[in-house]
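The values are calculated or read from the model by the stated rules, or taken from the named source; none is laboratory data. These numbers were taken from a predicted model, which means no experiment stands behind them. Using ideal geometry, Cβ is built from the backbone for each residue, glycine included, and neighbour counts are taken over all protein chains shown.
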Ligand code: PFF
């Protein structure tokens, strides 16, 4: 007989851990840049609608399956379907996906840690040089940073649900929030800061096209950590007396608020650096924004607050992105870890050892795919482009499989588990949800247009990524 299942110590602990998962690199940089490029306030409005009307219902589906089955995602699909296909396959997909996403997220977190370390030891000037990033990601130092980040994540996970994941979230999330507010206040005192705020918030509906709408939905879906099995796994550690709908709403609200506030940090900083910035100057990817653009901005602060002041600001920024990344990384690795523990009856220590070896191996492969090793750098080629191992992980798992997993979970909940069970599970622990308007809305949408939209996004992404032609965008 195995030990009783671990549980979060409190509802607040669960909310903070799930919000810790949701608040990630995507919130800190991806969201502000996407919002600015896609119509400012108009994008924010569409994004908020998607969060509450499309993503939150999917989150409810994931959390309720987890809390009901008290199992990892593969176990949850198997338990409800009676080990029937295609659901066992869907279960496998929902543990392979987070593992693969964890590999590429680990690589980016390692880079962030490297930049944090360099800012703290006074190397800001070096970080701001144009060719630093390219050299940095191919330097041998990366392996040292990989060892440190892996060790840190490993220690948190080894602590278990209450002593590791929950404690880390309770410490890191409030700290992150205060640092973020501190940075916003500081940035708003800079010259021209308000030009950035205006640019960020004033709606420009002319920029809204089919592809910006689809970008807003994808951003919201990733940002809430959906389709990765995380909310199923965290839900499985929730005591059944704790209500799901209210907790999920808090997670969605926190995630959206942090993304919004991060924009009030990034945009004013960008505009104070260059008052004539226009959207074309903003980098497309979060990666180039974090590692190439922002270090230059931080260095420029030395004329007003000195080199040490500028280094402190850069360090606080990288520390806060690092905290956001660590809590996300912990959550995503707990998915395959829970699967190994539940399905193979391993104890946490052994399971983490197996997972750690697999993670390190694939992380090293990814790290070498930026030029260190030709084989992984030019790994495959599709849609007329050569792709590295890292690119393949991003294209296949992050961009393509996530919406497909979201589609599967919706169909599974409504047509296999059945809507009466789904609703009863959500009512349990939160009687006020029963009969509410939102319950009726979730019940209807999860069975109809939400999976339809997610399937459409999946098909469109496959067409764009692998065949070079899309319906939208
Ligand atoms: N919500 C996370 C973010 O916005 O960055 C998404 C995520 C990605 C969570 C990767 C966990 C993860 F490992």
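Just one of 223, 218 is within 21 Å of residue 33 (Cβ to Cβ), crowded, with 16+ Cβ neighbours inside 10 Å, modelled with pLDDT of 90 or more and in contact with a helix residue (DSSP H, G or I) (Cβ under 6 Å, 6 or more places away or on another chain); which is it? So that I can check it myself, show each step before the final result.
Working: 218 fails: in contact with a helix residue (DSSP H, G or I) (Cβ under 6 Å, 6 or more places away or on another chain).
The conditions single out 223.
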Practice task
Looking for whichever is farther than 30 Å from residue 80 by Cβ, in a helix (DSSP H, G or I), at pLDDT below 95 and away from the ligand (no atom under 16 Å from the Cβ) here; the options are 395, 391. Which one fits?
Solution key: 391
Fill in the blank from the handout: Flagged in the range 173-206 as farther than 22 Å from residue 310 by Cβ, more than 14 Å from the ligand (Cβ to nearest atom), in a helix (DSSP H, G or I) and touching a helix residue (DSSP H, G or I) at 6+ places or on another chain (Cβ under 7 Å), in numbering order, are 199, 200, 201, 205
Problem - Matching option when the condition is without any contact (Cβ under 8 Å) to a residue 24 or more places away in the chain, farther than 28 Å from residue 222 by Cβ and touching a helix residue (DSSP H, G or I) at 6+ places or on another chain (Cβ under 7 Å), among 299, 346 - result: 346
Practice task
Could you pull out every one of the helices (runs of 4 or more DSSP H) wholly within the range 1-110 that has 3 or more residues that are farther than 30 Å from residue 318 by Cβ?
Solution key: 41-50, 56-69, 73-81
Exercise for the section: Go through the range 228-271 and give me each residue that's within 22 Å of residue 317 (Cα to Cα), at pLDDT below 95 and more than 16 Å from the ligand (Cβ to nearest atom). Expected result: 267, 268, 269, 270, 271
Exercise for the section: Output the residue which, of all residues in the range 275-286 that are in contact with a helix residue (DSSP H, G or I) (Cβ under 7 Å, 6 or more places away or on another chain) and farther than 29 Å from residue 57 by Cα, is modelled with the highest pLDDT. Expected result: 275
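This table checks each residue for (1) within 15 Å of the chain's Cα centre (by Cα); (2) within 11 Å of the ligand (Cβ to nearest atom).
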{"position": "7", "(1), (2)": "no, no"}
{"position": "16", "(1), (2)": "yes, no"}
{"position": "21", "(1), (2)": "yes, yes"}
{"position": "26", "(1), (2)": "yes, yes"}
{"position": "30", "(1), (2)": "yes, yes"}
{"position": "42", "(1), (2)": "no, no"}
{"position": "59", "(1), (2)": "yes, no"}
Practice task
Kindly indicate which of 25, 49 is without any contact (Cβ under 8 Å) to a residue 40 or more places away in the chain and either in contact with a strand residue (DSSP E or B) (Cβ under 6 Å, 6 or more places away or on another chain) or on the phi < 0 side of the Ramachandran plot (or both).
Solution key: 49
